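Let me begin by handing over the structure; questions about it come next.
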Amino acid sequence: MADLSVKIGQLELKNPVMTASGTFGFGEEFSDFFDLSRLGGYIVKGTTLAPRQGNAYPRMAETPAGMLNAVGLQNKGVHYFADEIYPRLKDIDSNLIVNVSGSTIEDYVACTEKVAELDKVSGIELNISCPNVKQGGMAFGTCACSAADVVKAVRKVYPKTLIVKLSPNVTDITEIARAAEAEGADSVSLINTLLGMAIDADKRRPVLSTVTGGLSGPCVKPIALRMVWQTARAVKIPVIGLGGIMNWRDAVEFLLAGATAVQLGTANFIDPEVTIKVIDGLNEYLNKNGYKSVNEIIGALEI
Ligand SMILES: Cc1cc2nc3c(=O)[nH]c(=O)nc-3n(C[C@H](O)[C@H](O)[C@H](O)COP(=O)(O)O)c2cc1C
């Protein structure tokens with residue numbers, strides 16, 4: 001068996017496979033399908049300081065090779081998470097990472113401070129890239145200055161592993177990644193969803209209540225792969241790659257492009273056991289090709 005372990009900031013991951021925020025609930029929903037402790041890490045639903053209702057329905061649409069969503073960070077707030085959900089998750093032997101969102105820098109900081117009180121949370125993923133909220137979210141992640149401001153403020157109050165999740169809805173993602181790195185991020189994860197739109201020809205109306213939404217799934221993979229490759233060459237901190245990973249082969253491609261770990265999102269809706277299949281497939285790939293450690297293939301793309 002190959003050594004699958006990787007390091008991200010202070011995190012020791014038993015393997016490089018994680019679940020993407022918003023697509024895996026709080027993890028518990030999947031515990032009937034497999035043992036969550038097999039995952040390298042799992043990133044829970046986007047959490048904000050105050051509860052959020054999310055956007056009006058319809059907020060999901062299918063596209064030929066992926067999905068559009070406009071959930072809008074519906075959640076019950078970080079205090080509910082801390083009191084009701086965290087006690088049920090804290091003993092799972094994997095890295096629990098909380099995805100933190102906000103509308104203002106003060107929101108991000110206050111939400112992070114609450115998460116920092118929870119011993120068994122290994123790190124946070126700062127979501128500066130949500131396209132589905134009117135205020136905040138992506139607005140922070142599309143400009144290097146505001147990205148730097150929010151990362152700097154959060155870094156001051158959070159000593160554990162800080163991952164910054166980047167938006168693909170920018171002209172140069174490496175600029176935002178460098179800004180996050182300069183302000184002390186331990187890692188960047190990319191990509192969040194791409195802005196997209198669906199129209200109902202019969203009704204002559206947009207399908208989503210919000211008109212536009214976030215596109216994810218196989219259709220975004222080539223873009224995500226390109227952005228991960230570019231970013232891994234632009235920063236020294238580890239990059240976590242995601243966007244359209246549906247199987248172990250996709251995951252290997254992201255690792256070759258320079259990702260130290262990967263996340264799976266939309267794929268969980270199709271096959272709840274997909275992450276385990278990716279871990280097993282990756283292990284087989286490494287064994288078959290004579291690699292002793294997964295680290296040997298990270299960034300090993302030959303050009
Ligand atoms: C229904 C849904 C909800 C999501 N919610 C969040 C969220 O709360 N926070 C976040 O950072 N990303 C969120 N995302 C984005 C995913 O984590 C991921 O970045 C994106 O879907 C691309 O990966 P994929 O193609 O593997 O799904 C959401 C995606 C979907 C489909």
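Roll a 1.4 Å probe over the protein chains and send me the accessible area per residue for region 173-302 in Å².
Per-residue value: 44 Å².
Which order do you get for 237, 43 if you rank them by accessible area with a 1.4 Å probe, largest at the top? Walk me through the numbers on the way to the answer.
Details: 237 30, 43 0 Å².
Largest accessible area first, the residues go 237, 43.
Which percent of the accessible heavy-atom area of region 169-303 goes to carbon and sulfur, probe 1.4 angstrom?
C and S fraction of accessible area: 51 percent.
With a cut-off of 8 Å between alpha carbons and a minimum separation of six or more residues, what is the relative contact order of region 112-215 in percent?
Numbers: 176 pairs, mean separation 26.2, N = 104.
Rounded, it is 25 percent for region 112-215.
Can you list the aspartates and glutamates whose alpha carbon sits under 12 Å from that of residue 114, skipping same-chain ones fewer than 8 residues off?
Counting by Cα, and skipping residues close in sequence, residue 114 has these aspartates and glutamates nearby: 83.
Got the relative contact order for the chain handy, in percent, Cα pairs under 8 Å and 6 or more residues apart?
Worked out over the chain, it gives 20 percent.
About its Cα centre, what dipole magnitude does region 28-83 give when the only charges are +1 on Lys and Arg Cβ and -1 on Asp and Glu Cβ, stated in debye to the nearest 20?
280 debye
Through the Karplus equation 6.51 cos²θ - 1.76 cosθ + 1.60, θ set to phi - 60°, convert the phi angles of region 255-269 into ³J(HN,Hα) values in whole Hz; use x for Gly and Pro.
5, 4, 6, x, 6, 7, 8, 10, 10, 10, x, 3, 4, 4, 6
Here's a follow-up. Can you give me the % of accessible surface on region 43-95 that is carbon or sulfur? Probe 1.4 Å, all protein chains present, nothing else counted.
Whole-percent figure for carbon plus sulfur exposure: 52.
Under 5 Å between amide hydrogens, which residues at least 5 positions from residue 245 or on another chain qualify, with H placed 1.01 Å from N in the peptide plane?
Those qualifying (amide H under 5 Å, at least 5 residues apart or on another chain) are 265.
Using θ = phi - 60° and the Karplus relation 6.51 cos²θ - 1.76 cosθ + 1.60, list the HN-Hα couplings for region 178-185 in order, rounded to whole Hz, with x at every Gly or Pro.
5, 5, 5, 4, 5, 8, x, 5
In addition: Going down the table (90/292; 76/160; 156/221; 90/288; 152/277), which pairs top 29 Å between alpha carbons?
90/292; 156/221; 90/288; 152/277
The values are calculated or read from the model by the stated rules, or taken from the named source; none is laboratory data. Bear in mind the structure is a predicted one, so any value in this text is a computation, not a measurement. Positions of Cβ are backbone-derived with ideal geometry, glycine not excepted, and every protein chain shown enters the neighbour counts. Areas reflect the complete protein model, heavy atoms only, side chains present, ligands, DNA and RNA absent. Shrake-Rupley method; radii C 1.70, N 1.55, O 1.52, S 1.80 Å.
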